[in-house]
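To keep things clear, I will list the structure first and then write my remarks on it.
The values are calculated or read from the model by the stated rules, or taken from the named source; none is laboratory data. The shown structure was predicted, so the numbers you read here are calculated from the model rather than taken from an experiment. Every residue, glycine as well, gets a Cβ built from its backbone with ideal geometry; the counts of neighbours run over all protein chains shown.
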Amino acid sequence: MPSSDPPHLPLRPLWLCRTCGTPWPCATARLTLVGEYAADPVGLSVYLCGVLYEATADLHRLHPHDRLDPAVLYHRFLGWARRRAMP
């Protein structure tokens, strides 16, 4: 059954969630992405790498004099999806 909830997509070039207004990917977007890429975790990482690249360019254009912290951007866009090593 399709969901009637609006999708949590990025509002570019701000990279805020169009639905909840928090930095994208918001918690709901992350859950959605994990579900969509459940069978392809490498594909999720590749997708998120592309998003990180685009977001970095957009955010730098918006704020050229602010230093973007690479570690913060990495954790926001990609670090949360990192696969945990199996024991």
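Here are the numbers for the structure shown:
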read-out	value
Selection within segment 51-73 - of a type in the set (Asp, Glu) and in contact with a Phe, Trp or Tyr (Cβ under 8 Å, 6 or more places away or on another chain)	Asp58
Count of segment 11-28 residues which are more than 13 Å from Ala81 (Cα to Cα) and either of a type in the set (A, V, I, L, M) or in contact (Cβ under 8 Å) with a residue 40 or more places away in the chain (or both)	7
Lone qualifier among Ala55, Ala81 - being at pLDDT below 95 and under 13 Å from the mean Cα position of the chain (by Cα)	Ala81
Evaluation of His60 against (1) in a loop (DSSP other than H, G, I, E, B); (2) over 16 Å from Leu78 (Cβ atoms) (one fails), failing number	(1)
Segment 11-30 - residue that is of a type outside the set (Val, Ile, Thr) and over 11 Å from the mean Cα position of the chain (by Cα) and, of those, farthest from Leu59 (Cα to Cα)	Cys20
Residue in segment 11-34 that is surrounded by fewer than 16 Cβ atoms within 10 Å (Cβ to Cβ) and at positive phi present	yes
Given (1) in contact (Cβ under 8 Å) with a residue 24 or more places away in the chain; (2) closer than 12 Å to Ala81 by Cα; (3) in a helix (DSSP H, G or I), number of the condition Leu31 does not satisfy	(1)
In segment 37-87, residue surrounded by the fewest Cβ atoms within 10 Å (Cβ to Cβ) [restricted to those that are touching a residue at least 40 places away in the same chain (Cβ under 8 Å) and over 18 Å from Arg12 (Cα atoms)]	Arg83
